[in-house]
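Here's the structure, in structure tokens; my notes come after.
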Amino acid sequence: MPGCPAVLCSSLLPHQHLESFLVQPLHGRTLVSLTNTEHSQSKKPITMSAQVPTNFNAQEADNLEDIEKQFAVKVVQHMETYWKILEKVKGSTLRLTKIDDEIYEHLKTDFPEFDPAATINEDEMKSKSGKERWRKFMMAYEKKIDDYNFGTMVRASPKFEYGQNEVIFAPRMQFYAIEIARNRNGLNDWIYEKAQAAKSS
């Protein structure tokens, strides 16, 4: 997939970020489960998942490097899965969770200044005050969203594809909130249009 690296280098997943988010056992947990509404009339959701290897135990990993390598593979799978969905379905018709409406309204309430079309200011998002605001936001979904605080990647801007210099390591709930807002505003539709144009050319 153009713009999405096949392997994440260590600089993309610095130790301090992994230590912040590897707070739950990884064994058997689903990394990504995205449902779309392409067939909303049939009420049959399409789910795409990538499972953490069943033989991987974070508690017994030899060292953090081993965790990084295996975790990085799952993060890349998450990015590739989401991108492939956006190539097949317009983002504006996509549902990432069963409570997208609730998440979107909550985001607008807690972050009224958030502009889904703008490039994310990572320093601001990960500042002391930014972390606290997002932590409060995310905790509302502790019992509602699986792996709500599991680490993943979000594009800094909806205008670009995934790339080493275009991504931010963030908790799953931030990814959902940001991407739901982008999809609701049609900011990811260009991915579908580009993919369809390539097919017909």
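The values are calculated or read from the model by the stated rules, or taken from the named source; none is laboratory data. Fair warning: this is a prediction, and the values are worked out from it, not measured in the lab. So basically every Cβ, Gly included, is an ideal-geometry build from the backbone, and we count neighbours across all protein chains shown.
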note = Taking the range 90-107 and keeping only residues that are touching a residue at least 24 places away in the same chain (Cβ under 8 Å) and within 17 Å of Phe175 (Cβ to Cβ), one is left with Gly91, Leu94, Arg95, Leu96, Thr97, Lys98, Ile99, Asp100, Ile103, Tyr104, His106, Leu107
remark   = In the set Glu142, Glu113, the lone residue that is without any contact (Cβ under 8 Å) to a residue 24 or more places away in the chain, more than 19 Å from Pro158 (Cα to Cα) and not in a helix (DSSP H, G or I) is Glu142
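Among the residues in the range 119-139, are any in a loop (DSSP other than H, G, I, E, B), touching a helix residue (DSSP H, G or I) at 6+ places or on another chain (Cβ under 8 Å) and surrounded by 14 or more Cβ atoms within 10 Å (Cβ to Cβ)? I'd like the intermediate steps shown before the answer.
Here is the first cut: in the range 119-139, the ones in a loop (DSSP other than H, G, I, E, B) are 119-121, 126-127.
From what's left, touching a helix residue (DSSP H, G or I) at 6+ places or on another chain (Cβ under 8 Å): 120.
If we keep only those that are surrounded by 14 or more Cβ atoms within 10 Å (Cβ to Cβ) as well, we get 120.
Scanning the range 119-139, I find at least one residue that is in a loop (DSSP other than H, G, I, E, B), touching a helix residue (DSSP H, G or I) at 6+ places or on another chain (Cβ under 8 Å) and surrounded by 14 or more Cβ atoms within 10 Å (Cβ to Cβ), so the answer is yes.
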query = Taking the range 145-163 on its own, how many of its residues are surrounded by fewer than 18 Cβ atoms within 10 Å (Cβ to Cβ) and touching a residue at least 60 places away in the same chain (Cβ under 8 Å)?
reply = 4
Total residues in the range 59-85, condition polar (S, T, N, Q) and at pLDDT below 75 = 2
message = Could you check the range 170-186 and list, in sequence order, the residues that are hydrophobic (A, V, I, L, M, F, W, C) and in contact with a strand residue (DSSP E or B) (Cβ under 6 Å, 6 or more places away or on another chain)?
response = Ala170, Phe175, Ile178
key: Count - residues of the range 74-101 that are in a helix (DSSP H, G or I), among the β-branched types (Val, Ile, Thr) and surrounded by 16 or more Cβ atoms within 10 Å (Cβ to Cβ)   = 4
task = Would you point out the residue of the range 175-201, among those that are of a type in the set (S, T, N, Q) and part of a helix (DSSP H, G or I), that is modelled with the lowest pLDDT?
result = Ser200
key: Restricting the range 164-182 to residues that are in contact (Cβ under 8 Å) with a residue 60 or more places away in the chain and under 18 Å from Glu68 (Cα atoms), the residue that is surrounded by the most Cβ atoms within 10 Å (Cβ to Cβ)   = Val167
